[in-house]
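See below for the structure under consideration.
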Amino acid sequence: MDFFDKIVWGNSIKEWGFSLLIIVGAVILNRLIMFLNRNVFRKMAAKSRGQFDDILLDSLEKPVMFGIMLGAIWFASARLNMDAGMLDVIKKSYQILIVINVTWFVSKFSSSLITEYGNNINNRLLPLIKRTILIIIWAIGIVTALNNVGIAITSILGVLGVGGVSVALAAQDTIKNIFSGITIYTDAPFRLGDIIQFDGFEGTVHDIGLRSTRIITYEQRIVSVPNCRLMDASVINISAEPSRRVVITLGLTYDTTPQKMKEAIGILKKLPANVSEIETNTVAVFSDFGDSALILTYIYYIKKNCDIRESSSKVNFEILSSFNEAGLNFAFPTQTIYANVTNGN
């Protein structure tokens, strides 16, 4: 008997050799495809204006090579004499792998398209959108692959549905925060770097995450706030204001004359000329007779993009120095006690 006619595992060495040559030919063909794609096709695509053809070639290369190998293995095994059970396993594996290969191409292509053409989407929202689309694509692919080999999807989906409900109930707060985070991204009531105020908190937005938003307070403390709480609260975006309104009350002693009160009001109205950080439309009035002082109310507006605390400090220093130069005395709480004194032994 010729050596090549010798039977090994139900097939002659010649038949095994032909099958091996088919696989080797597929490997050589893949090398040729890789060479042509990287040295010919991609250079041709680079000359075009858009990126669509570049993305398509990049996404196709590995799935096509994997598909060629699957085809080669299928043809190589189909021509051999094998046990029916083994052939059935190979057939079902082939059906699953073909669907997975197509899903691989679609997911790569979709991911590259989103990355390339998603420039107008929020940078933090883009990964979430990409991940969601990829999960949907792979879920469809896996379900289709399992359905092709006769696995009952309905029972699996039923079990997953019950488990999904349990998980959703356990993680409803997390889910609520994630959807609130998406709403913050899309509606954009505030952005990174904005100063916001809500529920007694005031500070600069440091980070906007899917679950929570981090705010740096004026005390330089980082506060993490759940997104659902931000969506339910009344948030004031201070950075979006054209100017910041500040109201202060000043108390002068009761021995201040009407002329001096008018002088004090005049000083307050002239403050914008000395403090460039505030608007000119100020309000200064003699507003009340207090228990221990004559009350002046001064309303001014800090210009946009000016530091609020620094600007307030400059205004206060200007008021203090101007009032001292004018001989205007600030009052402090006083109390007069009248007592009857009698002489006794």
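The values are calculated or read from the model by the stated rules, or taken from the named source; none is laboratory data. All values derive from a computational prediction rather than experimental measurement. All Cβ positions, even for glycine, are placed from backbone atoms using ideal geometry, and neighbour counts span all protein chains on display.
See the values below:
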item: Only listed residue being more than 23 Å from residue 139 (Cα to Cα), at pLDDT 80 or above and assigned to a helix (DSSP H, G or I), chosen from 100, 96, 73; result: 73
item: Yes/no for residue 28 being among the aliphatic types (A, V, I, L, M) and surrounded by fewer than 16 Cβ atoms within 10 Å (Cβ to Cβ); result: yes
item: Check on residue 259, farther than 22 Å from residue 314 by Cα, surrounded by fewer than 18 Cβ atoms within 10 Å (Cβ to Cβ), among the polar types (S, T, N, Q) and over 39 Å from the mean Cα position of the chain (by Cα); result: yes
item: Among (1) modelled with pLDDT of 70 or more; (2) in a helix (DSSP H, G or I); (3) in contact with a helix residue (DSSP H, G or I) (Cβ under 9 Å, 6 or more places away or on another chain), the one test that residue 89 misses; result: (3)
item: Out of 204, 183, 213, 249, sole residue that is within 15 Å of the chain's Cα centre (by Cα) and modelled with pLDDT of 80 or more; result: 213
item: The stretch 288-307, subset of a type in the set (S, T, N, Q) and in a loop (DSSP other than H, G, I, E, B), residue modelled with the highest pLDDT; result: 292
item: Residues located in the stretch 103-145, provided they are of a type in the set (A, V, I, L, M, F, W, C), over 22 Å from residue 52 (Cβ atoms) and at pLDDT below 80; result: 125, 128
item: Any chance residue 239 is over 17 Å from residue 295 (Cβ atoms), in contact with a strand residue (DSSP E or B) (Cβ under 9 Å, 6 or more places away or on another chain), loosely packed, with under 15 Cβ neighbours inside 10 Å and not aromatic (Phe, Trp, Tyr); result: no
